[in-house]
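Worksheet: one structure, shown below.
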Amino acid sequence: MKYFKVFLFTALAGILVVLNHGCGYSVATMNKSGVTKLYIPVFHSNVMEPNLGSLVTDTVVKGFLRDGFMKITDKEDSEATLKATITQFDLSPARIRVENEHTVREYYLTIGVEYTVTRTGETKPFSSGKVIGFTTFFTGDDLINDKRVGVSYAADKIAKELVSRLTESW
């Protein structure tokens, strides 16, 4: 009787796997663009913040590599090009230090990017828009490094949004 129950349970589990196999669920990324090879030149920057274009570009490239669905290639091998311009860089105080009201403790940071994606050989973009990366960061003794960390967080949010817009179908 014990073996019969094990056999019955195994048979039912196998039937459920076979029936559920064709339901259409997947954990794979859905690529609505059909593009698998993407070229990303360094983002142009219209703001007065040193090295911001290359930092945001590097973060976006890493975001696509992390997702793994689109291969980042050089211009000659690409199926499409993602061009972007950094149009916004806002840094504003969020909290002031209690002990010294002339010193900022926390900042708001916003980076705005306008982008277009154009298929190779075409002139009209098939995707375009604006992406905003927003974060807050606390300051310590080194404002430059603290700001660099904040910029990397905001750039990562931009990267995640761009990857999502270009690879997901919803």
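The values are calculated or read from the model by the stated rules, or taken from the named source; none is laboratory data. These figures come from a predicted structure and were not determined experimentally. Every residue, glycine among them, receives a Cβ derived from its backbone with ideal geometry; neighbour counts consider all protein chains shown. Just so you know, the surface numbers come from the protein's heavy atoms only, side chains and all, with ligands and any DNA or RNA stripped out. Shrake-Rupley method; radii C 1.70, N 1.55, O 1.52, S 1.80 Å.
Determine the distance separating the Cα centre of the stretch 34-84 from the Cα centre of the stretch 99-122; give it in Å without decimals.
Each part reduced to its Cα centre gives a spacing of 16 Å.
Return the FRET efficiency for the residue pair Ala94, Thr120: r is the Cβ-Cβ distance, R0 is 41 Å, and the value is rounded to the nearest 0.05. Show your work: numbers first, answer last.
Details: r = 43 Å, r/R0 = 1.06.
For Ala94 and Thr120, the calculated efficiency is 0.40.
Using the beta-carbon distance between Asp67 and Phe134 and R0 = 35 Å, what value does 1/(1 + (r/R0)^6) give for FRET efficiency, to the nearest 0.05?
Working: r = 21 Å, r/R0 = 0.60.
Efficiency, from the Cβ-Cβ distance: 0.95.
If you place +1 on the Cβ of every Lys and Arg, -1 on the Cβ of every Asp and Glu, and leave all else neutral, what size is the dipole of the stretch 26-170 about its Cα centre, to the nearest 20 Debye? Display every interim value, and only then the final one.
Working: 18 positive and 19 negative charges, 93 e Å.
Computed charge dipole of the stretch 26-170: roughly 440 debye.
Go through the stretch 105-113 residue by residue and turn each phi into a ³J(HN,Hα) via Karplus (6.51, -1.76, 1.60, θ = phi - 60°); whole Hz please, and just put x for glycine and proline.
Once θ is set to phi - 60°, the couplings for the stretch 105-113 become 9, 9, 10, 8, 10, 10, 10, x, 10 Hz.
In whole Hz, with x marking every Gly and Pro, tabulate ³J(HN,Hα) for the stretch 83-92 from phi via Karplus 6.51 cos²θ - 1.76 cosθ + 1.60, θ = phi - 60°.
Computed from phi, the couplings for the stretch 83-92 are 10, 9, 10, 7, 10, 8, 8, 10, 10, 9 Hz.
What number comes out for accessible area per residue over the stretch 63-120 if the probe is 1.4 Å? Units Å², please.
Details: 3390 Å² over 58 residues.
Roughly 58 Å² per residue, with all protein chains present.
How large is ³J(HN,Hα) for each residue in the stretch 139-156, as worked out from phi by the Karplus curve 6.51 cos²θ - 1.76 cosθ + 1.60 (θ = phi - 60°), to whole Hz, x for Gly and Pro?
10, x, 8, 10, 4, 5, 5, 4, 5, 4, 5, x, 4, 5, 5, 5, 5, 5
Quick query: amide H of Phe89 versus all other amide H atoms, modeled in the peptide plane; which residues come in under 5 Å with a sequence gap of 5 or more or a different chain?
It is Gly112, by chain and number.
Roll a 1.4 angstrom probe over the protein heavy atoms and tell me the percent of accessible area of the stretch 25-170 that is carbon or sulfur. Show your work: numbers first, answer last.
On the way: 4460 of 8750 Å².
For the stretch 25-170, the apolar C and S fraction of the accessible surface comes to 51 percent.
Find out how many positive minus negative residues lie around Leu65, taking Lys and Arg as positive, Asp and Glu as negative, among other residues whose Cβ is under 15 Å from that of Leu65. Could the numbers behind the result be given before it?
On the way: positive: Lys37, Lys62, Arg66, Lys71, Lys160; negative: Asp58, Asp67, Asp74, Asp156.
Net charge around Leu65: +1.
Please state the Cα pair-distance histogram of the stretch 122-170 with 10 angstrom bins from zero: what percent is in each bin?
Calculated P(r), rounded to whole percents: 23, 36, 24, 13, 4, 0.
In units of 2.2 N^0.38 Å, what is the alpha-carbon radius of gyration of the stretch 79-170?
Details: Rg = 17.1 Å, N = 92, 2.2 N^0.38 = 12.3 Å.
Dividing the Cα Rg of the stretch 79-170 by 2.2 N^0.38 Å gives 1.40.
At a 10 angstrom cut-off on C-beta neighbours, averaged per residue, how do the peptides 65-71, 141-147, 36-42, 161-167 rank from highest to lowest? Before the final figure, lay out each step's value.
On the way: 65-71: 14.7, 141-147: 11.1, 36-42: 16.4, 161-167: 19.4.
Going by the mean number of other Cβ atoms within 10 Å, highest first, we get 161-167, 36-42, 65-71, 141-147.
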